[in-house]
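The next block holds one structure in the form of structure tokens; read it before the comments.
The values are calculated or read from the model by the stated rules, or taken from the named source; none is laboratory data. Source: prediction; values computed, not measured. Methodologically, a virtual Cβ is constructed for each residue, glycine included, from the backbone with ideal geometry; neighbour enumeration extends over all protein chains shown.
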């Protein structure tokens, strides 16, 4: 009797998750399946006919220098944004937790870019970072730092760094908020006893705060990895992947192959590799996170 | 118990609505099941709505031209969506790929038209039926060739023609610094630029972030070194590592090293960056753009409301940099095509006819967005220009387009991308030969 009840309640539970299953089935799993299917075909993204070509798209993809550059750029972007963003976010959260005058105001200021549309942020930074009339270079020149007034978005040496800076500007507030809520869970007594023991700001930060917000860091790293692999809008709008291929990302590569070059098959193959990379990185990170937690 | 029933009912409704919404759209304007001749009645009391997507007409232009069409065809309502070309390409590709899309659409000749050809209604039989044999002679001959796909079938009609590479200049700035003649050679151009620089003004604004614009420069410039050779290379008959292209790339590089283009040109898009932040703000004296900008000084045009609203402007052809005279390269700017899956082909044809052969062609010609594709259509709005130099520029541009050395747009999108990237790399300091080798590699991979 109890067995049939559990089957019944199990069935009912499945019914409750049916809507989200249908939703993700259509918009997520079907799309993934279609992308994988397309990646084995020659298709211009428009015609109703596709031609099966086996692994040809993947062979061409791994042979394409632009794809290699995109992978490298994505890796640099990932490492820089994930760690710098998290570090700055933690620093801001710690400072704002100190109940300074106007800290609510600053919390809002740092969080605003998170809710702003990337198209607005990119448009503003394109003006700020303009070589000749941008406020950044105007300021540098006014400070007699002319040698620093470079072409931020037009020089391949600085373009990727500029994109990273703008991305950090946009998402730093998110890390800050996550850490801030993590910090609220740490009892004040711990900080008070640390203070009584003569622990300074940096020592407290590294010996108490950082270990205690390990879970938040882990979450931010996973989100950062996936987020950086998905980054498209800010790059497309700031540099379009250029100059040359200097800021080409996997996503801009996917876009250019599909939309500019009408090569739906190769674009899908690149998309599949992004998915594989994201899954592998997320699994590795979660395993590492779990191991750390178990050790604690 | 009652609550449980409610929960069951609610879950069922949500699930059912999701299934219905997911499946319900499949028959919307799609399916390719419409009658092959597209004989949906365009009259008969009930108003028929057709959709039209393009980048030209612009918003101001579309208001006038569509109003005129609807007044002449009260049984047809046009829902027009306009986007910048890149946005338009994205939207169209997704819609057509899903078997949907507008009834009538803008089409760029060359690569785009070839890719879409299978999804477009063949135009020749329709035009033969409606206009009778010999109708092609009413259009500029080169424009008719360009609306045919690779297999020779005609899938669009030309709205207008535009050319590259032109320089839009601020005559007020030229006058202020004492320049009386527009530059015709590279040396003259550099001298003019030096004078303008002395006055603290940026001489030339170039949006080299856009690969399309870089490719336009490549096609125009290479024709100064070896006329016509770029089209041979496009078809794989000449390698891109040929000396003519090495010279072209070196000349392009020189435009950066000689500081003809403003610092940071590679990080600036043509529109809106270079146009708005530099030229329209009065901070730059010249702006590299296409012939489509020649009518920007007309009342209601783009110039209104900018900082240079009261400055006289003009347009001249890219100065001669190579050994051969500078010539324009011109293509059909906007071709118009009917969706093969449209259920309103007859009404879409009426709009297509209105724009290419009818009153719409004159309205568009008067906006001077491009040169008319129909022979005999004369611009009637020249007197509306505030400045003589702007009026004269129309004559200059039309003359150059008439004497164009070849087409502006190349046939293969991957080749365009490769050339654009190679040009940016060269401008940023990459070795010319190495960059051209990469273009050649892409060219060799194209199935022609």
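To keep it simple, each residue is scored yes or no on (1) farther than 21 Å from residue A:272 by Cβ; (2) modelled with pLDDT under 90.
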position: A:1; (1), (2): yes, yes
position: A:11; (1), (2): yes, yes
position: A:19; (1), (2): yes, no
position: A:29; (1), (2): no, no
position: A:33; (1), (2): no, no
position: A:38; (1), (2): no, no
position: A:48; (1), (2): yes, yes
position: A:52; (1), (2): no, no
position: A:55; (1), (2): no, no
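What strands (runs of 3 or more DSSP E), lying completely within the range B:83-177, carry at least 2 residues that are farther than 30 Å from residue B:281 by Cα and under 23 Å from the mean Cα position of the chain (by Cα)?
Values: elements: B:104-107, B:157-164, B:166-170.
In the range B:83-177, B:104-107, B:157-164 are the strands (runs of 3 or more DSSP E) which contain 2 or more residues that are farther than 30 Å from residue B:281 by Cα and under 23 Å from the mean Cα position of the chain (by Cα).
What's the number of the only condition in (1) assigned to a helix (DSSP H, G or I); (2) at positive phi that residue B:399 fails to meet?
So residue B:399 meets the others, but not (2).
Please go through the range A:128-160 and pick out each residue that is more than 9 Å from chain B (Cβ to nearest Cβ) and in contact (Cβ under 8 Å) with a residue 40 or more places away in the chain.
A:160
On the basis of being touching a helix residue (DSSP H, G or I) at 6+ places or on another chain (Cβ under 7 Å) and surrounded by fewer than 18 Cβ atoms within 10 Å (Cβ to Cβ), does residue B:444 make the cut?
Details: touching a helix residue (DSSP H, G or I) at 6+ places or on another chain (Cβ under 7 Å): no; surrounded by fewer than 18 Cβ atoms within 10 Å (Cβ to Cβ): yes.
Judged against the criteria, residue B:444 is not a match.
Can you tell me which residue within the range B:418-441, out of those that are surrounded by fewer than 22 Cβ atoms within 10 Å (Cβ to Cβ) and under 27 Å from residue A:57 (Cα atoms), is farthest from the other protein chains (Cβ to nearest Cβ)?
Among those that are surrounded by fewer than 22 Cβ atoms within 10 Å (Cβ to Cβ) and under 27 Å from residue A:57 (Cα atoms), it is B:440.
Would you confirm, using the coordinates I've provided, whether residue A:284 is part of a helix (DSSP H, G or I), away from chain B (no Cβ under 14 Å) and surrounded by 16 or more Cβ atoms within 10 Å (Cβ to Cβ)?
Values: part of a helix (DSSP H, G or I): yes; away from chain B (no Cβ under 14 Å): yes; surrounded by 16 or more Cβ atoms within 10 Å (Cβ to Cβ): no.
Judged against the criteria, residue A:284 is not a match.
Would you check if there is a residue in the range B:194-212 being at negative phi, more than 14 Å from chain A (Cβ to nearest Cβ), assigned to a loop (DSSP other than H, G, I, E, B) and crowded, with 22+ Cβ neighbours inside 10 Å?
Just the residues of the range B:194-212 that are at negative phi, to begin with: B:194-199, B:201-212.
Okay, now just the ones that are also more than 14 Å from chain A (Cβ to nearest Cβ), so B:194-195, B:198-199.
Next cut, assigned to a loop (DSSP other than H, G, I, E, B) only: B:199.
Narrowing further to those that are crowded, with 22+ Cβ neighbours inside 10 Å: none.
No: zero hits.
Suppose we keep only residues that are over 13 Å from residue A:262 (Cα atoms) and part of a loop (DSSP other than H, G, I, E, B) within the range A:32-49. Which one would you say is farthest from the other protein chains (Cβ to nearest Cβ)?
The selected residue is A:40.
Restricting the search to the range B:61-104, which residues are within 12 Å of chain A (Cβ to nearest Cβ) and buried (at least 21 other Cβ atoms within 10 Å of the Cβ)?
Filtering the range B:61-104 down to residues within 12 Å of chain A (Cβ to nearest Cβ) leaves B:85-101.
Across the range B:61-104, the qualifying residues are B:92, B:93, B:96, B:101.
Here is a yes/no grid of residues against (1) surrounded by fewer than 24 Cβ atoms within 10 Å (Cβ to Cβ); (2) touching a residue at least 24 places away in the same chain (Cβ under 8 Å); (3) more than 16 Å from residue B:368 (Cα to Cα):
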site: B:266; (1), (2), (3): no, yes, yes
site: B:271; (1), (2), (3): yes, yes, yes
site: B:274; (1), (2), (3): no, yes, yes
site: B:278; (1), (2), (3): no, yes, yes
site: B:297; (1), (2), (3): no, yes, no
site: B:302; (1), (2), (3): yes, no, no
site: B:305; (1), (2), (3): yes, no, yes
site: B:332; (1), (2), (3): no, yes, no
site: B:344; (1), (2), (3): no, yes, yes
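Looking only at the range B:376-400, which residues are in contact with a helix residue (DSSP H, G or I) (Cβ under 6 Å, 6 or more places away or on another chain) and under 27 Å from residue B:104 (Cβ atoms)?
Matches in the range B:376-400: B:377, B:379, B:380, B:381.
Could you tell me whether residue A:104 is in a helix (DSSP H, G or I), within 14 Å of chain B (Cβ to nearest Cβ) and free of Cβ contacts under 8 Å to residues at least 40 places away in the same chain?
Details: in a helix (DSSP H, G or I): yes; within 14 Å of chain B (Cβ to nearest Cβ): no; free of Cβ contacts under 8 Å to residues at least 40 places away in the same chain: yes.
No; evaluated as a whole, the condition is false for this residue.
Looking at the range B:111-129, which of the residues that are more than 12 Å from chain A (Cβ to nearest Cβ) and touching a residue at least 40 places away in the same chain (Cβ under 8 Å) is nearest to residue A:46 (Cα to Cα)?
Residues of the range B:111-129 more than 12 Å from chain A (Cβ to nearest Cβ): B:121-129.
This time we only want the ones that are touching a residue at least 40 places away in the same chain (Cβ under 8 Å), so: B:121, B:123, B:126.
Values: B:121: 15, B:123: 19, B:126: 23 Å.
Here the residue is B:121.
Any residue at all in the range A:107-119 that is within 12 Å of chain B (Cβ to nearest Cβ), touching a residue at least 60 places away in the same chain (Cβ under 8 Å) and either farther than 18 Å from residue B:269 by Cα or in a helix (DSSP H, G or I) (or both)? Spell out the reasoning first.
The first filter runs over the range A:107-119 and keeps only residues within 12 Å of chain B (Cβ to nearest Cβ), leaving A:119.
Now narrow it down to the ones that are touching a residue at least 60 places away in the same chain (Cβ under 8 Å): A:119.
Those still in the list that are either farther than 18 Å from residue B:269 by Cα or in a helix (DSSP H, G or I) (or both) too: A:119.
So far as the range A:107-119 goes, yes, one or more of its residues are within 12 Å of chain B (Cβ to nearest Cβ), touching a residue at least 60 places away in the same chain (Cβ under 8 Å) and either farther than 18 Å from residue B:269 by Cα or in a helix (DSSP H, G or I) (or both).
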